[in-house]
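The values are calculated or read from the model by the stated rules, or taken from the named source; none is laboratory data. The structure presented is a predicted model; accordingly, all values stated were derived computationally and were not measured. Reconstructed Cβ throughout: ideal geometry from the backbone, glycine too, with neighbour counts over all protein chains shown.
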Amino acid sequence: MMSLSNSSRRIRVWRAAAPLLSTTLIVGLFAGCSDEPRVETYEVARTLPPRPPLDVQAERARLDHMLAGILLQSDAQQAWFFKLVVPGGSVDELRGAFDEFLNTVHFADGKLEWKTPAGWTELPGDANRYATLVAPDGDDKRELTITQLPYGGENADFIAANVNRWLRQLQELPLTAEQIAKLGRRIDSPAGAVTAFELIGVMPTASAGSGGMPAGHPPIANQDKAAATPEATPPAASAPPAASAPPAGSAGWQYQAPESWQPGRMSSMRKAAFVVAGEGGQAEMTVMDFAGQPGAGMGDVLMNLKRWAAEVGLAALSDDQLMALAEDRTIGGVAGTYAEFLGPAEGDAPLATLAAMLPRDGKIWFFKLKGDRATVEAQRKAFAEFLDSVKFD
């Protein structure tokens, strides 16, 4: 038996009246002796202070909740991602609005649209985001980002790969596809079935751009709308790579970037990124790779031509017209495909894209310069020189 106080421990010890020599002797002693065992109590100083009670509310507020949804548009081989990260103390207020938003997602003339929740504001898209919605949260603001990517392969595997990517951002261990399937909720929006998740973890604030987001995540919007646009504030911490600098890159490949290109926003999916400034606007150059094989899924040339054309307002082009734009292009000694898409010149912000893709070691590599049409056209030669500089190990 033991009795404890905050400052000391009381230990009760059962002590026999006589020494115990053997099993036989023990029996004899207890049978023949009249002395009863006695209890002696000692008090010793506590070695550790008492543990304070758990503050449930504080622990809950410390955790970050990622509200996310994935919509797979199978006919266009497009994946749409909706993501909102909020602290635990705010999730109850914003969870309902997030589900409300997902229920309004729909396509109109091939364009994704939705109803913006009351009190929220909408920011224009850019080279990386289709759109951004800003949700008020007391004195703070939270961003719901809408992005799109091509997809191929099994739906369950594609969803699992992206959920595990988000779990890594939250510093959590990956899950199996079966576990992830049990976590998902189905929301039947007018655009199709959205698989929704609520993932919990802790965003690494040391590497956050704003509001505890992961390294490379676009900045959280503030009252200055221009500052909230990622292209409006290109990173200035690193000097642009000089033309005479040694090739940059990572394991397996190298490149030489033009002197005028500024370092862009990196992410877990990007192998390189640059911001390109022009007189009329900006463009962004990115390099990414995805698992795939030539002719299927991410390696389907026509599927990617359709996607690139739609991004700049050329969705009406026929398959034959699109294939006529494709050119053979060797990059780093690997045969690939190159195409240019110049969006309609009329309008407030005409867009253009220069893109190349190639298969290598079970992956499809994409090189893409997209943005303001005049800027992209002016960078045609620089983009070609970048592709010529690529070397694979």
Note to self: So, Met303, is that one part of a helix (DSSP H, G or I), in contact (Cβ under 8 Å) with a residue 40 or more places away in the chain and not basic (Lys, Arg) or not?
What the structure shows: yes
Margin query: Regarding segment 351-363, can at least one residue be identified that is among the polar types (S, T, N, Q), buried (at least 20 other Cβ atoms within 10 Å of the Cβ) and in the same structural domain as Glu279 (by TED's automatic domain parsing)?
Written below: yes
Check: Are there any pairs, at least 6 apart or on different chains, whose C-beta atoms fall under 8 Å, with the first in segment 148-176 and within 29 Å of Leu302 (Cβ to Cβ) and the second loosely packed, with under 14 Cβ neighbours inside 10 Å and among the β-branched types (Val, Ile, Thr), and if so, which?
Finding: Ala160/Thr176
Margin query: Need the failing condition index for Ala316 against (1) in contact with a Phe, Trp or Tyr (Cβ under 9 Å, 6 or more places away or on another chain); (2) surrounded by fewer than 16 Cβ atoms within 10 Å (Cβ to Cβ), just the number.
Written below: (1)
Note to self: I'm trying to understand the selection: among the residues of segment 80-99, which are more than 21 Å from Leu112 (Cα to Cα) and touching a residue at least 12 places away in the same chain (Cβ under 8 Å)?
What the structure shows: Val85, Val86, Pro87, Gly88, Gly89, Ser90, Val91, Glu93, Leu94, Arg95
Note to self: Taking the criterion of being acidic (Asp, Glu), surrounded by fewer than 20 Cβ atoms within 10 Å (Cβ to Cβ) and either in a helix (DSSP H, G or I) or in the same structural domain as Tyr130 (by TED's automatic domain parsing) (or both), would at least one residue in segment 322-341 satisfy it?
What the structure shows: no
Check: How do the strands (runs of 3 or more DSSP E) wholly within segment 68-162 filter down when requiring 3 or more residues that are crowded, with 16+ Cβ neighbours inside 10 Å and not assigned by TED's automatic domain parsing to the domain that holds Thr286: which remain?
Finding: 78-87, 131-137, 140-150
